[in-house]
Amino acid sequence: MGVVGIKGRGGSHIQEWGKMPNVEVAYLIDVDSTTHAKRVGEIEKAFGNTPTCVQDLRKALEDKNLDAVSIATCNHTHSLLTIWACQAGKDVYVEKPGSQSAFEGAKCVEAARKYKRIVQYGMQNRSAPYNIAAKKYIEEGNLGGKGSDNHKATVVGDTVGDPFKDTSGPSLNILIKLMSMVSIVMAGLTVAFSLL
């Protein structure tokens, strides 16, 4: 596995991939070479191997032994790096957003299909319990709709600690509803683009 972008979120990728059986973090890829030594030390201590460090993903993609890359770089680079990895015959895990536009997303899907690669977008949030509860709440007609007053924000008691404790009434915080709706819409768009 090669991890692209090893600051912030990339550190989590390193730790999670490193814990998996039969997975070795073999490459650390980051344009900022000052981050390499710290992450190499962490990997050596936690997992017992020494990864190769490069600043350019294309160098790592030349390695025939590299099976996949995990992308946690700046958002505007996600699509290009995904396409490059597919072209090089590597599977990809890429953080959200997978693309900055519908065009870029379609090109990522096109590359995955053309080169027969697995590309997984970081959409794990869509299966989180609070989103499942919000989806059910919306499907049951409890949010919006003609003649409905469910759009009114009503806060009753302590809804901050566990806003989904009671999903049957108006105490469900409107902000949580809207955030969940956005997540559901984004998940739907991801599915729609994957069908292009």
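The values are calculated or read from the model by the stated rules, or taken from the named source; none is laboratory data. Bear in mind the structure is a predicted one, so any value in this text is a computation, not a measurement. FYI the Cβ positions are ideal-geometry reconstructions off the backbone, even for glycines, and counts take in every protein chain you see. When the accessible area is computed, the model is the full protein with side chains, heavy atoms only, and any ligands, DNA or RNA have been set aside. Shrake-Rupley method; radii C 1.70, N 1.55, O 1.52, S 1.80 Å.
What are the residue pairs meeting all of these: first residue in the stretch 72-85, first residue closer than 12 Å to residue 100 by Cβ and free of Cβ contacts under 8 Å to residues at least 60 places away in the same chain, second residue surrounded by fewer than 23 Cβ atoms within 10 Å (Cβ to Cβ) and polar (S, T, N, Q), Cβ atoms under 6 Å, and 6 or more apart or on different chains? Listed by first residue and then by second, the contacts come to 76/100.
Remark: pairs (first residue in the stretch 49-64, free of Cβ contacts under 8 Å to residues at least 40 places away in the same chain and of a type in the set (Ser, Thr, Tyr); second residue open to solvent by 60 Å² or more (accessible area, probe 1.4 Å) and assigned to a helix (DSSP H, G or I); Cβ separation under 8 Å; 6+ apart in sequence or on different chains) = 50/44. When residues in the stretch 85-107 are screened for being farther than 19 Å from residue 60 by Cβ and in a helix (DSSP H, G or I), 6 of them pass.
Cβ separations smaller than 6 Å between residues 6+ apart or across chains give the following pairs from the stretch 3-31 residues that are farther than 17 Å from residue 44 by Cβ and among the aliphatic types (A, V, I, L, M) to residues that are open to solvent by less than 60 Å² (accessible area, probe 1.4 Å) and part of a loop (DSSP other than H, G, I, E, B): 4/73. Within the stretch 1-59, the residues that satisfy the criterion of being open to solvent by 40 Å² or more (accessible area, probe 1.4 Å), part of a helix (DSSP H, G or I), farther than 20 Å from residue 78 by Cα and not basic (Lys, Arg) are 15, 34, 37, 42, 44, 46, 47. In the stretch 108-123, the residue that is surrounded by the fewest Cβ atoms within 10 Å (Cβ to Cβ) out of those that are in a loop (DSSP other than H, G, I, E, B) and at pLDDT 95 or above is 116. Hey, among the residues in the stretch 60-84 that are in a loop (DSSP other than H, G, I, E, B) and modelled with pLDDT of 95 or more, which one's nearest to the chain's Cα centre (by Cα)? Here the answer is 72.
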